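First the structure, in the form of structure tokens, and then the observations on it.
Any read-out appearing in this document is the output of simple, stated calculations on the displayed coordinates, not a laboratory observation. It should be emphasised that the depicted structure is a prediction, and the values quoted were computed from it without experimental measurement. Quick reminder, even Gly has a Cβ in these numbers, built from the backbone with ideal geometry, and neighbours come from all protein chains shown.
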Amino acid sequence: MNGSVPLRRPLVPLLLSCAVLMGATACGGGGKNSASSSASPSGTASAQAQKLAKTRFVANAGLAAGATYQWIVKPYRAGTFKKGADGRKFALVKAGLAGGFAYNRLKAAAVNAKGDPLLSKAVAPLTAGIESLKGLGTKLRNGQAGEGDVGAFEGVINSVKDAGKSAGAEVKDKVPTTSQLGG
């Protein structure tokens, strides 16, 4: 019995790290094949795949909405981004990270929407708006964003939330942690 304990200790972390590596590889491929395979898992009924697509869409869009409101819209309205404001640099860095994070989650939500026919029709017109947010994270981080840029983020988020609601997938803001923003 004592001989199996030392073998078990290194085996558990090895198995956990393999599981994490396989999960990260399955979720983060980024190619066309990985997006379509994650939207419709094999061995699952199409109704289940559609339910998962809606669930993933709601989760990703909710995180994007929460990050945008918490670290971009709210500080901007409070005047934290203005020159000379207390905590301006830190707020700008967080806003830049939140902008990149929100863009990433919105792109993921758009991919998830393709797994549900009704949701894909509602979200498809918004892909150009999502794509227009690509460089705004850097603009925010450098302190070059203005009212129009913040409004663009807010507008795209509201459009995605409305599209989800019209397709029966209501999106609620979910504020990510600062560690989620960083990577």
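The convex hull of the Cα atoms of segment 129-183, projected and averaged over all directions, covers 4.6 nm². Overall shape of segment 79-183 was characterised from the C-alpha gyration tensor. The equivalent ellipsoid obtained from it has semi-axes of 28, 13, 11 Å, in decreasing order. Taking a spot 7 Å from the Cα of Val93 along the direction of its beta carbon, which residues of segment 126-141 have an amide N less than 18 Å from it? Counting only backbone N, you get 137-141. Distance from the C-alpha centroid of segment 120-136 to that of segment 80-113: 17 Å, rounded to the whole angstrom.
Using 0.36 nm times the number of residues separating Leu118 and Asp173, minus their current alpha carbon distance, what extension gain do you get?
17.6 nm
Summing Cβ point charges (Lys, Arg +1; Asp, Glu -1) relative to the Cα centre of segment 76-180 gives a dipole of roughly 320 debye.
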